[in-house]
1. I'd like the full set of residues that are surrounded by fewer than 19 Cβ atoms within 10 Å (Cβ to Cβ), in contact with a Phe, Trp or Tyr (Cβ under 7 Å, 6 or more places away or on another chain) and of a type in the set (A, V, I, L, M), limited to the range 180-202.
2. So how many residues does the range 62-100 have that are aromatic (Phe, Trp, Tyr) and farther than 22 Å from Ser41 by Cα?
3. Mind checking whether some residue in the range 162-170 is in contact with a Leu (Cβ under 7 Å, 6 or more places away or on another chain), within 15 Å of Gly74 (Cα to Cα) and without any contact (Cβ under 8 Å) to a residue 60 or more places away in the chain?
4. When you scan the range 187-199, do you find a residue that is closer than 19 Å to Gly83 by Cβ and aliphatic (A, V, I, L, M), even just one?
5. Mind listing whichever residues of the range 44-88 are part of a strand (DSSP E or B), among the aliphatic types (A, V, I, L, M) and at pLDDT 95 or above?
6. Considering the range 72-86 alone, what residues qualify as being buried (at least 20 other Cβ atoms within 10 Å of the Cβ) and among the small types (Gly, Ala, Ser)?
7. Would you mind finding the one in Gly131, Gly124 that is on the phi > 0 side of the Ramachandran plot, part of a strand (DSSP E or B) and surrounded by fewer than 16 Cβ atoms within 10 Å (Cβ to Cβ)?
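The values are calculated or read from the model by the stated rules, or taken from the named source; none is laboratory data. Values in this document were obtained by computation on a predicted structure and should not be read as measured data. Don't worry about glycine lacking a Cβ; one is built from the backbone with ideal geometry, like all the others, and counts go over all protein chains shown.
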Amino acid sequence: MRRRSALAIGAVLLLSITAVAQERKSEISLQGMGFFTSSSSGNGTDYSATESGGFLGTYRHHLNRWASIEAAYGYTLNTQKYGLGSQPFRIQSGIQQFTGSLVASLPSHAHSRVNPYVLVGGGGLLFDPTGNQVNSFAGAQTQVKAAFVYGLGLNYGIHKGIALRAEYRGLVYANPDFGFSELSTNSVTQTSEPSLGLSFRF
């Protein structure tokens with residue numbers, strides 16, 4: 001009797017471990033992205049930025065079939081442009097983004113290769129001047145700006161555990177001024193961030 005009970009318990013544990021392994025709760029992705037910032041103005045200063053490309057990496061943990069949490073890191077290099085009166089100023093900077101989001105899967109057929117989702121979250125953008133400045137003040141400072149992030153995307157399964165990911169993210173944040181009050185606009189801007197890459201679920 002005890003032997004049968006032990007075998008039954010062992011079988012249940014083995015099936016449970018197998019089921020957990022088959023759930024594949026972790027997912028990572030690597031995507032190439034575009035970085036397109038809208039123009040804005042305030043305090044007599046016009047703000048814009050050059051268009052650029054970069055990369056975005058994510059780690060997603062699936063809580064269940066419908067909800068996940070995600071941490072993301074991205075990098076790009078572009079130039080922030082300021083129009084102060086008739087004098088233009090340009091500050092080139094590397095931009096690192098650190099965000100955390102809640103991801104909600106949208107309804108789709110159980111065996112469909114297409115899995116759409118939406119996401120919302122927050123984080124920060126770190127603007128790090130390269131020293132390449134035009135008509136600017138000396139001593140541009142590294143600056144972090146809080147950001148609100150939202151987006152939508154889809155994974156298209158191409159192999160077991162591997163999917164092609166297409167995604168759009170919007171980042172909303174206050175314009176950077178690199179510590180110069182003369183360049184402050186006291187306004188917010190939005191960056192559109194389309195991306196394409198691969199995701200791996202395990």
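1. Val188, the sole residue that qualifies.
2. 4
3. Within the range 162-170, one or more residues are in contact with a Leu (Cβ under 7 Å, 6 or more places away or on another chain), within 15 Å of Gly74 (Cα to Cα) and without any contact (Cβ under 8 Å) to a residue 60 or more places away in the chain.
4. Yes, the range 187-199 contains at least one residue that is closer than 19 Å to Gly83 by Cβ and aliphatic (A, V, I, L, M).
5. Residues satisfying the conditions are Ala49, Leu56, Ala67, Ile69, Ala71, Ala72, Leu77.
6. The answer is Ala72, Gly74.
7. One residue alone meets the criteria, Gly131.
Quick grid of which residues meet (1) more than 30 Å from Leu106 (Cα to Cα); (2) modelled with pLDDT of 95 or more; (3) surrounded by 16 or more Cβ atoms within 10 Å (Cβ to Cβ):
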site: Val144; (1), (2), (3): yes, yes, no
site: Gly153; (1), (2), (3): no, yes, yes
site: Lys160; (1), (2), (3): no, no, no
site: Arg169; (1), (2), (3): no, yes, yes
site: Pro176; (1), (2), (3): yes, yes, yes
